[in-house]
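See structure below.
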Amino acid sequence: MMKQEPLSRRDVLRGALAVSCSLLLPVAIYSSSANSANSAAPTTNKKVPKENVQYQTKPKGEQKCGKCQNFIAESSTCKLVDGQVSSEGWCSLWTKKV
């Protein structure tokens, strides 16, 4: 009669990983096919609320909305932040205009 050795921790973890991957694979395949079906639909750009990006109406040093690449001067709006923004304002998404 053969004596079986106890499973090592590595073998148990490999088995758990294999089982979890096999359970998640159908979900990944389904979601990627659903996304590709919706890719022809027009995308809507969701802007983030001012509160989520620490928006303030005063500049942070030399950083201000008027000098940010996301600021749209004609409408005093931002490509990323929802609502009107001041050209003298600042938020955590500030990126220097090139």
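The values are calculated or read from the model by the stated rules, or taken from the named source; none is laboratory data. Note that the structure is predicted; figures quoted are calculated from it, not measured. Using ideal geometry, Cβ is built from the backbone for each residue, glycine included, and neighbour counts are taken over all protein chains shown.
Determine the pairs where a residue that is without any contact (Cβ under 8 Å) to a residue 60 or more places away in the chain and on the phi > 0 side of the Ramachandran plot, located within the range 74-94, has a partner that is crowded, with 18+ Cβ neighbours inside 10 Å and of a type outside the set (Phe, Trp, Tyr) with Cβ atoms under 8 Å apart, the partner being 6 or more residues away or on another chain.
Within 8 Å, the pairs are Ser76/Val85; Gly83/Lys50.
What are the pairs with Cβ atoms under 6 angstrom where one residue, in the range 50-73, is in contact (Cβ under 8 Å) with a residue 24 or more places away in the chain and the other, located anywhere, is among the polar types (S, T, N, Q)? Sequence gap at least six, or different chains.
Close Cβ pairs satisfying both conditions: Val53/Ser92; Gln54/Ser92; Thr57/Ser86; Cys65/Ser87; Cys68/Thr95; Gln69/Thr95.
Determine which single condition Lys50 fails, assuming it passes every other condition in (1) under 22 Å from the mean Cα position of the chain (by Cα); (2) modelled with pLDDT under 90.
Status for Lys50: all satisfied but (2).
Among the residues of the range 47-98, how many are out of contact with any Gly (no Cβ under 9 Å at 6 or more places or on another chain) and of a type in the set (Lys, Arg)?
Residues flagged as out of contact with any Gly (no Cβ under 9 Å at 6 or more places or on another chain) and of a type in the set (Lys, Arg) within the range 47-98 amount to 4.
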